[in-house]
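Structure record follows, encoded as structure tokens.
The values are calculated or read from the model by the stated rules, or taken from the named source; none is laboratory data. On a predicted model such as this, the values are computed, not experimentally measured, just so you know. Every residue, glycine as well, gets a Cβ built from its backbone with ideal geometry; the counts of neighbours run over all protein chains shown. Side chains included, ligands, DNA and RNA excluded: accessible areas come from the protein's heavy atoms. Shrake-Rupley method; radii C 1.70, N 1.55, O 1.52, S 1.80 Å.
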Amino acid sequence: MPMPQKLGSLLTDPLPASCIVNGESTRTSVVAKYPNPVRFFGVPSKMGTRSRSALWVLIVLVILLGLCGIGSVCAENRRPKNVQVAVRAKWSGTPLLLEAGELFSMERKDLFWHFIEVWLHNEDAFDSHTAKGCLKKILEHARSLLSEPLASLFEFSLMMRSASPRLVLYRQLAEESLSSFPLADEGISNNVSGETIDTNAELQIKKPDPLLVGVNPKSPGGECCWVDTGGSLFFDVAELLLWLRNPPEISGDSFQQPELFDFDHIHFDSSVQGPVAVLYGALGTDCFRKFHVSLVEAAKEGKVKYVVRPVLPSGCEAKIGHCGAVGTRDSLNLGGYGVELALKNMEYKAMDDSTIKKGVTLEDPRTEDLSQDVRGFIFSKILERKPELTNEIMAFRDYLLSSTISDTLDVWELKDLGHQTAQRVVHASDPLQSMQEISQNFPSIVSSLSRMKLNDSVKDEIIANQRMIPPGKSLMALNGALVNIEDIDLYLLVDLIHQDLLLADQYSKLKIPHATIRKLLSTLSPSESNMFRIDFRSTFVHYLNNLEEDAMYKQWRSNINEILMPVFPGQLRYIRKNLFHAVFVLDPATICGLESIDMIMSLYENNFPIRFGVILYSSKFVKRIEMNSDEISSSAKENDSQNKEDISSLIIRLFIYIKENHGIKTSFQFLGNINKLRIEADDSGDDAPEMHHVEGAFVETVLPKAKSPPQDILLRLEKEKTFKNVSEESSMFVFKLGLAKLQCRLLMNGLVFDSNEEALLNAMNDELPRIQEQVYYGHINSHTDVLNKFLSENGISRYNPQIIANGKPRFISLSTSILGEESVLNDINYLHSPGTIDDLKPVTHLLAVDVSSKKGMKFLHEGIRYLMEGSSRARIGVLFSVNLDARLSSLLFVKVFEITASSFSHKENALYFLDKLCSFYEQRYFASSGADDNTKAFLDEVYELAEANGLPSKAFRSALPEFSVNQLRKHANKVSQFLQRHEFGANAVITNGRVMFPIDVNNFLSHDLHLLESVELKQRIKHIVEIIEEVNWQDIDPDIVTSKFISDVISIVSSEEDLESKSEL
């Protein structure tokens, strides 16, 4: 295996490391390395030893003369005459072995623990007496775990010492851990009994000096490892074992556990709810081995949450193996920040450079690109034929290069000089070396560049790039990701490369061909537009005006291009075109709803260039819908007395009657009269309208225009329930839009805002530049319906801030290679809408459900209804989480659900069976208090429901009586660990890796799952589906390439793609 250079100097010449810890700027020291440095050791500092100092100087001079050998040897080993300056970090060196563990954890969390176990079991074989040998062992282990690109990058990161800052951070945490418990000077005092130590006791706690960031903590009492439990420090394994036998309770204010961070190494077998035990120590020490073995065993038994923070305290270097001490002896030089000072002699000298000394070459044939033509000669071919004349040939080439300088270079020869220079660099065997040569010797080679034949393809590419990139601007892109060259450094660049290599490695494990992997890495997601617009187009919108048709706007100009004309700040553009649609969604029986009506009428009367409209709904009717599980039929069964109390529904019915008989303006006047009477009756204006306000406003509005008494019309409308269906359908429409809970809201061309006047003006100003841009590029003209255009492009059917919020969503990886072969995701059986089981499902919803709670069952019920409503592009998998004290019926329900999903998901009636089962379970165990846990009654109901829905009850009869409760509880605990590992609990949705938690289960309906499907498919998944569908699967059994397999691939790839966002170039 090829090894990098300078491996033997790891101990004497520290490799680069990062220079930032906890966001603080690094204090650096500048170390100048001169040629042939002379070091003096053991020179006394007292004046009385002057003779001994002279003797030392004499010895050094003799050694130097002997080494130089009359100067001939020194002349041969002469170094470049420059001073190399290195920037040195302020912290001491960190163990290379521990840095390797951190790099493994950055690949995958489980690799860190795998590395520890392998090293502990093979420590004698891995240990070496040289730094080079230790490094070789580490890299051999890395190549056995990682693919070749990742292994190479692992080696490079290890050489850069990029994980050193992480270890310095652990040093700070270790110092804080020790400073929290005062230790005796001669020994170590522990709280063996496990009782909590009061950190606010009278004993004075030594605080670490914040200016000494990165200082390695001293070995406490000669000990190299300890365990911090928050209440105690344990330096002896026996004392830790006593504590593990009776660990303290987590609940209560007296016991405070150590704070954990995202970068901490938590053992994968740890108990989620167990007490935290943090091990501070270094791999390679005996104490680490002993503590690790005990804590791993306790973690597997569910006693503790085991955490490792790698630290090698000062003074423990002698107690660790040789490989564990590599890299600790010297400080670190900061890689990527080195500076070379080329010192120049500024004296003026007269030199004749018209001729070149024979045998002296200006170029190095080993580094110079000799494939380029120089005055008709290709020197790479000449050197191949006459290698013995290298010096003479290179001297001749230098002469040709220097003699091509012309004082009278023609103008036309400069026309394509930039393109010719770029062509020389691009076609060179070493482009970077060629670029350096041209930039440093441009005057001497400009003539040869001007005579180079220009390739038209290179010129066309340069011209195309110049159109995209402004002059003087430099851009850098990595697989389509735009990199800010102003902020880029070596470590950030390595991180970006590592992210793409990690993705490529994950895709290759999914058997995706390499050509498709390259396409996935270079393909950018569609631009995520946060301009989600609510598609409110329906007959339930009541518009007050129409700028394009109403007579009051005839004097306005109709030219759409007027919107591009400059105006004074704050001045409105009066164009006879419906550009701004301000639709208010409101309950007319609320104060904010009526105040919004007054604002609409005021702006309308002042000729505001906005089309105003309202969508009316009843809050009480919406509450009845929620209580009856979204079933409008149940609302019809409400008695008349309850309906009479619903003033909102009455106002809506009266509004519709007036609109149909007396016009839309009169109906808006009716709503304004309600607010006027309300304010007149109540001086404060803080009370909602009452029934007599509504009746009085109706009489006042209709009286001038009605042919019969308004009171008779009102009584007839109240009695006959005229327009009741229209009123309920309008409320149902608002409920499905998801706007009922927001009280009063404004929809400006579908965008959601508050309903006050200031918000309206701000919304109009925000929308104006978007319309101007569309008009400028010709996407909107005088015949374009602006509202239909916007809603057709970005319209969604429902508003849910949690789904379409502007904040960045959270993602987790769904790759089984990361989660492990025993992942809970491997045990999922998916449910599909009837008749779509064989179709490709690009969207995968994973519902984390706690069936032992009422909210969890409601959440699951909505998921089943979502599939029953029909979705040909999505499937649902369920992760059941059950409390430890859950009743037996909850476990039986989980088992019935699993049997149905695994055996009968292809049956059309499977969803109807599960829907009835959920309803029965909710009514029996949650609706009625004190329901008994009768297993036989539950099983009998399951058998009956199965037969009623066309499912064979035989499968349930054979599996349910003999199912293992312990196995089911074990699987439920496995799900809980998975959820806790990713820091979210039950009643969550994972859609192709996007996590939605917490969820307001009471307001999360099947409509929200439809919205989530639509948004994710449009924004993240669609372009991945297009790439995966074109894959020609090779080296894989054709029988495996099913719709389920491809759906799994799309789900995993989309979850990996969004772990790191890319910017479009």
Please find, within the range 264-302, the residue that is modelled with the highest pLDDT out of those that are β-branched (Val, Ile, Thr) and in contact with a strand residue (DSSP E or B) (Cβ under 6 Å, 6 or more places away or on another chain).
Val278
Selection from the range 318-336 of residues that are over 22 Å from Glu123 (Cβ atoms) and either open to solvent by less than 20 Å² (accessible area, probe 1.4 Å) or of a type in the set (A, V, I, L, M, F, W, C) (or both)
Leu332, Asn333, Leu334, Gly335
Inspect the range 558-570 for any residue being open to solvent by 50 Å² or more (accessible area, probe 1.4 Å), outside any helix (DSSP H, G or I), of a type in the set (A, V, I, L, M) and farther than 28 Å from Tyr617 by Cα and give the result as yes or no.
yes
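Specify the residue that is modelled with the lowest pLDDT; the eligible residues are those in the range 478-492 that are open to solvent by less than 50 Å² (accessible area, probe 1.4 Å) and aliphatic (A, V, I, L, M).
Looking at the filtered set, the residue picked out is Ala481.
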Complete set of residues in the range 74-106 that are modelled with pLDDT of 90 or more and either assigned to a helix (DSSP H, G or I) or small (Gly, Ala, Ser) (or both)
Leu96, Leu97, Leu98, Glu99, Ala100, Gly101, Glu102, Leu103, Phe104, Ser105, Met106
Do the conditions hold for Val1001, that is, is it over 19 Å from Leu503 (Cβ atoms) and either in a helix (DSSP H, G or I) or open to solvent by 30 Å² or more (accessible area, probe 1.4 Å) (or both)?
no
Checked Gly315, Gly252 against criteria (modelled with pLDDT of 85 or more, on the phi > 0 side of the Ramachandran plot and surrounded by fewer than 24 Cβ atoms within 10 Å (Cβ to Cβ)); the one match is Gly315
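If a residue must be touching a residue at least 24 places away in the same chain (Cβ under 8 Å) and either touching a strand residue (DSSP E or B) at 6+ places or on another chain (Cβ under 7 Å) or of a type in the set (S, T, N, Q) (or both), how many such residues does the range 567-591 contain?
Going through the range 567-591 one residue at a time, the tally reaches 12.
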Filter the range 571-611 for residues that are of a type in the set (S, T, N, Q) and outside any loop (DSSP other than H, G, I, E, B); the one that is surrounded by the fewest Cβ atoms within 10 Å (Cβ to Cβ) is Ser602
Assuming Phe261 fulfils every condition listed in (1) under 17 Å from Arg171 (Cβ atoms); (2) at pLDDT below 95; (3) crowded, with 20+ Cβ neighbours inside 10 Å apart from one, which condition is it?
(3)
Any idea which residue in the range 671-690 is modelled with the highest pLDDT, counting only those that are among the hydrophobic types (A, V, I, L, M, F, W, C) and over 19 Å from Tyr617 (Cβ atoms)?
Leu677
Out of (1) of a type in the set (S, T, N, Q); (2) farther than 29 Å from Ala589 by Cα; (3) surrounded by fewer than 16 Cβ atoms within 10 Å (Cβ to Cβ); (4) within 42 Å of the chain's Cα centre (by Cα), the odd one out for Ser782 is which?
(4)
All positions within the range 663-699 that are of a type in the set (A, V, I, L, M) and open to solvent by 10 Å² or more (accessible area, probe 1.4 Å):
Ile664, Leu677, Ile679, Ala681, Ala688, Met691, Val699
Consider Gln506 against the criteria (1) in contact with an Asp or Glu (Cβ under 7 Å, 6 or more places away or on another chain); (2) of a type in the set (S, T, N, Q); (3) farther than 30 Å from Leu145 by Cα: it satisfies all of them except one. Which criterion is unmet?
(3)
Here are some conditions: (1) open to solvent by 50 Å² or more (accessible area, probe 1.4 Å); (2) farther than 22 Å from Ile597 by Cβ. Asp754 meets all but one. Which one does it not meet?
(2)
Does the range 1008-1017 include one or more residues that are surrounded by 14 or more Cβ atoms within 10 Å (Cβ to Cβ), closer than 19 Å to His845 by Cβ and out of contact with any strand residue (DSSP E or B) (no Cβ under 9 Å at 6 or more places or on another chain)?
no
Among Asp915, Asp933, Asp850, which is touching a helix residue (DSSP H, G or I) at 6+ places or on another chain (Cβ under 7 Å) and modelled with pLDDT of 90 or more?
Asp915
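Give the range 815-847 a look and list any residue that's assigned to a loop (DSSP other than H, G, I, E, B), open to solvent by less than 40 Å² (accessible area, probe 1.4 Å) and at pLDDT below 85, or say none.
Ser815, Gly820, Ser823
Quick check: anything in the range 406-417 open to solvent by 70 Å² or more (accessible area, probe 1.4 Å), touching a residue at least 24 places away in the same chain (Cβ under 8 Å), outside any helix (DSSP H, G or I) and more than 25 Å from Leu153 (Cβ to Cβ)?
No, the conditions are met nowhere in the range 406-417.
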Answer yes or no: is there a residue in the range 891-906 that is among the aromatic types (Phe, Trp, Tyr), farther than 27 Å from Pro842 by Cα, at pLDDT 80 or above and within 38 Å of the chain's Cα centre (by Cα).
yes
Given (1) among the small types (Gly, Ala, Ser); (2) more than 30 Å from Leu370 (Cβ to Cβ); (3) at pLDDT 85 or above; (4) buried (at least 17 other Cβ atoms within 10 Å of the Cβ), identify the lone condition not met by Ala464.
(4)
Can you find a residue that is in a loop (DSSP other than H, G, I, E, B) and of a type outside the set (Asp, Glu) anywhere in the range 427-436?
yes
For the range 285-312, name all the residues that are charged (D, E, K, R), within 35 Å of the chain's Cα centre (by Cα) and open to solvent by 30 Å² or more (accessible area, probe 1.4 Å).
Glu297, Lys300, Glu301, Lys303, Lys305
Residue list for the range 521-554, filter: modelled with pLDDT of 90 or more, open to solvent by less than 40 Å² (accessible area, probe 1.4 Å) and within 23 Å of Lys1018 (Cα to Cα):
Arg533, Ile534, Phe536
Residue check: is Glu117 open to solvent by less than 30 Å² (accessible area, probe 1.4 Å) and either in a helix (DSSP H, G or I) or more than 24 Å from Ala318 (Cβ to Cβ) (or both)?
no
Test Val702 against the criterion of being over 29 Å from Arg624 (Cβ atoms), touching a residue at least 12 places away in the same chain (Cβ under 8 Å), open to solvent by less than 10 Å² (accessible area, probe 1.4 Å) and of a type in the set (Val, Ile, Thr), and give yes or no.
yes
